[in-house]
Amino acid sequence: MRKTPNGSLFDTEPGIGGLRAYLPILTAVENGKGVLDVDTVKGCTLGMQAYPEGGCYGECYAAKTAARYGIDFATSVTRQMNHRSWRDVFCIVRDHRATWYRIGTAGDPCHDWENTVRVCEALRGTGKVPVIITKHWIAASDDQLKRLSALAAVINTSTSGMDSNPELYYLVGQIGRIQSFGIVSVCRVVTCEYGDTGWGRECREKQNYLLSLEPSIDNPLRASQLNQRVLSGDILLTKHQESRGGGKYLSLHNESVYLGTCETCPDQCGVQNHLSTKRK
């Protein structure tokens with residue numbers, strides 16, 4: 001095993017067609033931004049089907065990293081606990097300095113909701129809050145949401161002004177549905193500084209609506225200078241050397257958006273909302 005630049009374990013095995021496949025074994029690893037990654041699924045089959053050129057919006061950092069290292073990101077692999085790895089995972093999560101861990105760093109956990117819930121249940125004894133980040137390609141069942149509510153999980157729904165109207169209708173509906181189960185339901189917005197084009201103005205209007213939802217997180221798009229939307233002027237980029245994780249070129253609609261490591265981030269993926277609710 002060796003480490004990739006973002007600090008996650010390069011835990012793969014030979015796959016099909018020359019690409020490597022993720023191992024089906026659960027791990028807990030801190031990446032370069034300080035995220036404690038406990039991905040219950042690696043890879044994103046449905047996301048890559050929807051956006052075959054580079055993943056979501058053509059700029060999925062996990063998909064680009066996988067492509068760089070010859071990993072099959074288009075095949076979702078369930079990562080299960082086994083007797084050899086379980087103790088290590090539990091202890092790493094329990095002893096990590098953060099109050100939470102993240103599921104959904106290099107894959108969408110919705111591809112196996114049942115495994116995702118079981119892992120969260122097994123990690124309950126660590127005292128840490130599970131944060132699940134998903135685009136709901138597959139919706140969780142009512143039973144699974146009830147169990148996540150009992151665990152005081154936080155769910156971030158990934159959205160963007162670049163989503164189509166039908167996509168946003170579905171995603172915003174999932175945000176409300178999750179909230180109805182007593183779960184902290186965060187609208188996680190992939191934001192852009194949009195150009196003064198027809199497409200850009202339409203996306204900006206949807207972005208403003210998404211950011212008006214409570215709670216929401218502003219997550220700037222990190223994009224290539226060769227992105228077609230950048231070249232056309234639909235999306236504007238600036239270079240920020242201080243940015244941590246995912247590249248230095250960002251589409252930054254708000255200069256005050258936090259760009260550092262997770263440890264000092266004010267959002268904490270919505271966990272602060274969970275803690276403030278708990279204290280009331």
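The values are calculated or read from the model by the stated rules, or taken from the named source; none is laboratory data. What you see is a predicted model; the values in this text were computed from it and never measured. A quick note on method: Cβ atoms are made from the backbone with ideal geometry, for glycine too, and the neighbour counts reach across all protein chains shown.
So here's what we get for this one:
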read-out	value
Sole residue being at pLDDT 95 or above and either surrounded by 17 or more Cβ atoms within 10 Å (Cβ to Cβ) or under 18 Å from LYS128 (Cα atoms) (or both), chosen from VAL29, VAL38	VAL38
Residue list for the stretch 182-241, restricted to those being part of a strand (DSSP E or B), more than 30 Å from ARG147 (Cα to Cα) and not hydroxyl-bearing (Ser, Thr, Tyr)	GLU193, PRO220, LEU221, ARG222, ILE235, LEU236, LYS239
Qualifying residue in the stretch 114-134 (condition: among the hydroxyl-bearing types (Ser, Thr, Tyr) and in a loop (DSSP other than H, G, I, E, B))	no
The stretch 47-74 - residue that is part of a helix (DSSP H, G or I) and small (Gly, Ala, Ser) and, of those, surrounded by the fewest Cβ atoms within 10 Å (Cβ to Cβ)	ALA50
Residue in the stretch 149-165 that is surrounded by fewer than 23 Cβ atoms within 10 Å (Cβ to Cβ) and closer than 15 Å to THR78 by Cα present	no
Boolean, VAL172 is in contact (Cβ under 8 Å) with a residue 40 or more places away in the chain, touching a Gly at 6+ places or on another chain (Cβ under 8 Å) and either buried (at least 18 other Cβ atoms within 10 Å of the Cβ) or β-branched (Val, Ile, Thr) (or both)	no
Filter result for SER212 (farther than 30 Å from GLU30 by Cβ, surrounded by fewer than 17 Cβ atoms within 10 Å (Cβ to Cβ) and touching a residue at least 24 places away in the same chain (Cβ under 8 Å))	no
Number of the condition not met by HIS83 [criteria: (1) surrounded by fewer than 16 Cβ atoms within 10 Å (Cβ to Cβ); (2) farther than 21 Å from GLN268 by Cβ; (3) in contact (Cβ under 8 Å) with a residue 24 or more places away in the chain]	(3)
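Conditions tested, residue by residue: (1) hydroxyl-bearing (Ser, Thr, Tyr); (2) touching a Lys or Arg at 6+ places or on another chain (Cβ under 9 Å); (3) within 11 Å of MET162 (Cβ to Cβ); (4) modelled with pLDDT of 95 or more.
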| position | (1), (2), (3), (4) |
| --- | --- |
| ARG204 | no, no, yes, yes |
| LEU231 | no, no, no, no |
| ASP234 | no, no, yes, yes |
| THR238 | yes, no, no, no |
| LYS248 | no, yes, no, no |
